[in-house]
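J.: Take this structure, written in structure tokens, and hold onto it; I'll ask about it next.
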Amino acid sequence: MAANILLVEDEPGIQELLKLNLGQAGHQVTATDDAEGALQYLKTTMPDVILLDWMLPGMSGIDLCRRLRADKRYQPVPIIMLTARGEERDRVAGLDTGADDYITKPFSPRELVSRIRAVLRRRAPQMTEEPTEMAGLKLDPGSHRVTGNGKSLDLGPTEFRLLHFFMTHPERVYSRSQLLDQVWGDDVFVEERTVDVHIRRLRLALEASGHDGLVQTVRGAGYRFSAQQ
């Protein structure tokens, strides 16, 4: 479960240690030592996880977290606060600003990797490699295989990502623009009608096992993945 991680940490030693250990765990890490650098990075790139130190020069980590959570573009991105503050009131303050988790220094790299995996599973289940199943349709991210009622289905890479997102977010209606953000990424500029093309391809691939009806069009709203008619 490789993730693109933005690390906001002003202590060089801790920054290098985390970059090394997270890199060894398969993650891609971009590091900055203050909030301003983080905001500049976020103008062009959307990370999968933000690791945010509480004590930063200039704007604090708490204030940066609050600012990001007030912007709906960044609300889906999991934030883990890194801090030497271990008091309960400090943990509550960090979580109240919108952080998804809180880890107190010193901590082991293994624990941090585990925490990253946990927040991705909660907030971005399509980032995990755990198999998912619905109505006889199975998708395994690890092997990149999809089967319907035991029959192997052939999906292109975009259709696979689209199906994975749908299967980890069933029953909810998503607009074309939301699907573009979640599946293609908001730093990729393509027409909204591109979504319709890939929805048709996905349905065509699912026809072989009779699962094409799971991808439902909701007129005027977008698309929903559901076993209910």
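The values are calculated or read from the model by the stated rules, or taken from the named source; none is laboratory data. Note that the coordinates shown come from a computational prediction; the quantities given were computed from them, not determined experimentally. Using ideal geometry, Cβ is built from the backbone for each residue, glycine included, and neighbour counts are taken over all protein chains shown.
J.: Need pairs with beta-carbon distance below 8 Å; first residue in contact (Cβ under 8 Å) with a residue 12 or more places away in the chain and surrounded by 14 or more Cβ atoms within 10 Å (Cβ to Cβ) and within region 206-229, second small (Gly, Ala, Ser) and part of a strand (DSSP E or B); sequence gap 6+ or separate chains.
T.: Close Cβ pairs (under 8 Å, with a partner that is small (Gly, Ala, Ser) and part of a strand (DSSP E or B)) amount to Leu206/Gly148; Ala208/Gly148; Ser209/Gly148; Gly210/Gly148; His211/Gly148.
Conditions (1) assigned by TED's automatic domain parsing to the domain that holds Tyr41; (2) under 20 Å from Arg121 (Cα atoms); (3) more than 23 Å from the chain's Cα centre (by Cα), marked per residue:
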residue: Phe160; (1), (2), (3): no, yes, no
residue: Phe166; (1), (2), (3): no, yes, no
residue: Leu179; (1), (2), (3): no, yes, no
residue: Trp184; (1), (2), (3): no, yes, no
residue: Asp196; (1), (2), (3): no, no, no
residue: Gly210; (1), (2), (3): no, no, yes
residue: Gly213; (1), (2), (3): no, no, yes
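J.: Do we have Arg69 as surrounded by 15 or more Cβ atoms within 10 Å (Cβ to Cβ), more than 23 Å from Pro109 (Cβ to Cβ) and either within 20 Å of the chain's Cα centre (by Cα) or without any contact (Cβ under 8 Å) to a residue 40 or more places away in the chain (or both) here?
T.: So Arg69 fits the description; yes.
J.: I would also like to ask the following. Any chance you could count how many residues in region 4-20 are over 20 Å from the mean Cα position of the chain (by Cα) and among the polar types (S, T, N, Q)?
T.: Residues that pass the stated criteria total 1.
J.: When the residues of region 75-107 are filtered to those that are at pLDDT below 80 and either among the acidic types (Asp, Glu) or touching a Phe, Trp or Tyr at 6+ places or on another chain (Cβ under 7 Å) (or both), which remaining residue is surrounded by the fewest Cβ atoms within 10 Å (Cβ to Cβ)?
T.: Here the answer is Glu88.
J.: Hey, among Arg161, Arg145, Arg110, Arg117, which residue is at pLDDT below 85 and basic (Lys, Arg)?
T.: Going through Arg161, Arg145, Arg110, Arg117 in turn, the sole match is Arg117.
J.: Within region 172-184, can one find any residue that is in a loop (DSSP other than H, G, I, E, B) and modelled with pLDDT of 85 or more?
T.: Yes: one or more hits.
J.: Got a number for residues in region 8-43 being part of a strand (DSSP E or B) and either buried (at least 18 other Cβ atoms within 10 Å of the Cβ) or among the small types (Gly, Ala, Ser) (or both)?
T.: The total comes to 4.
J.: Now for a separate question. Among Met55, Met59, Met46, which is the only one that is assigned to a loop (DSSP other than H, G, I, E, B) and at pLDDT 90 or above?
T.: So the residue among Met55, Met59, Met46 that is assigned to a loop (DSSP other than H, G, I, E, B) and at pLDDT 90 or above is Met59.
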